[in-house]
Every structure is written in structure tokens, then in C-alpha cells.
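Presented below is the structure to which this report refers.
The values are calculated or read from the model by the stated rules, or taken from the named source; none is laboratory data. Predicted model only: the values in this text are computed from it and were never measured. Every residue, glycine as well, gets a Cβ built from its backbone with ideal geometry; the counts of neighbours run over all protein chains shown. These accessible areas exclude ligands, DNA and RNA; they are computed on the full protein's heavy atoms, side chains included. Shrake-Rupley method; radii C 1.70, N 1.55, O 1.52, S 1.80 Å.
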Amino acid sequence: MRTVIPVLLAVVAAFGVAACGGRDAAKQRNTYADQVNRAQNNFAESFKSLSRRITSTTTPGRGRRTLQGFEDAVDAVVVDLRRIDTPSDLQPLHRRLIGEISGYGRAIHRAKLAFATGSPQRILRAQSALVAATTEISARINRTIAAINRRLQAKK
């Protein structure tokens, strides 16, 4: 669970934009980048805090509660991201990013169900599956954020 969404590094500069409409577009892109960064930072902090609660001695009950916290953090960041006014050319990538982050929630929910069984074997399998899913989802999110950054940088 240590892997979290990387910080969206691109901040679009408003310099060199000739038309007034271009300034508005640059402002919207800057605002978009700031809002995505803020949502991501809140999400990363939640994940960091929750990750400290999972240890080798975590009980199934505490594990379920912690996983619920992760699920709640995913739900919150998805709501935050959906509220962002996204520039039209970034909307497909933004929707993809939301879908990928939602994948964390689905993976966490599956693990939570395994924890609910109390079966040590199912819990261990669920933990392994969750680590694998998190790694895969994080890689997809990284690619999407890189694509968003490229699109933001192209409009400088």
C-alpha cells in the first residue's frame, strides 16, 4: 500500500499567451493542475497514515477497519476529482484517471471481504492480491498522469 498516486508535476505557465482567451485557458489549466495536486496530496496523506496501521500483527477486525479507511479515502478523492472543472482537451484523460483510482477501491473492497472471513489463508492471499493490484493500478495511474502532464506542457 506504500505506492500512491504520484504528484502531478506539471504547472502550466501563463507566459507567452497572446490572446486574452488564451490567458483564460492558461488560468483554467493552472487551476486544474492545482486542484488535481491538492486532491492527490490529500489522498497520499490518507494512504500514508492508514498504511502505518497495517502490520504483521494486525488482527482481521483491525485490518477490515483500516481497509475501510482506505476505501473511504479512495471514495473521497474520486469525489474531489469529479468536482474539478477540467479543460475540455483533458477530459478523457481526467475520466481515465478517475477510473483508475476507482480501481484502488475495487481492489480494497475485495481484500476487505477476505478479511471478513477471518481465514488466515484467505487474508494472506488477499494481502498479496492487493499488493499486486496496487502495483498494477499505480503503474496505469503514472502513465495517465504522464499523459496529462504532456498535454498540459504542450499548451504552454
Checklist entry - Using +1 on the beta carbon of Lys and Arg, -1 on that of Asp and Glu, and nothing else charged, what's the dipole of the range 41-156 about the Cα centre, debye to 20? => result 200
Checklist entry - Quick one: accessible area per residue over the range 54-150, 1.4 Å probe, rounded to a whole number of Å²? => result 52
Checklist outcome for this item: Expressed as a percent, the accessible surface of the range 23-155 that is carbon or sulfur, using a 1.4 Å probe and the full set of protein chains, is 51
Next on the checklist: Starting from the 7 Å offset along Cα-to-Cβ, what nm value, one decimal, do you get for the label separation of Arg23 and Thr59?
Outcome noted: 6.2
Item to check | Cross-link partners of Lys27 among aspartates and glutamates (Cα-Cα below 16 Å; sequence separation of 8 or more within a chain) | outcome: Asp85, Asp89
Checklist entry - In nm, what is the difference between 0.36 nm times the number of residues separating Arg143 and Asp34 and their Cα-Cα distance? => result 37.3 nm
Item to check | Coordinate range along principal axes, alpha carbons of the range 29-156, Å, largest first | outcome: 53, 21, 19
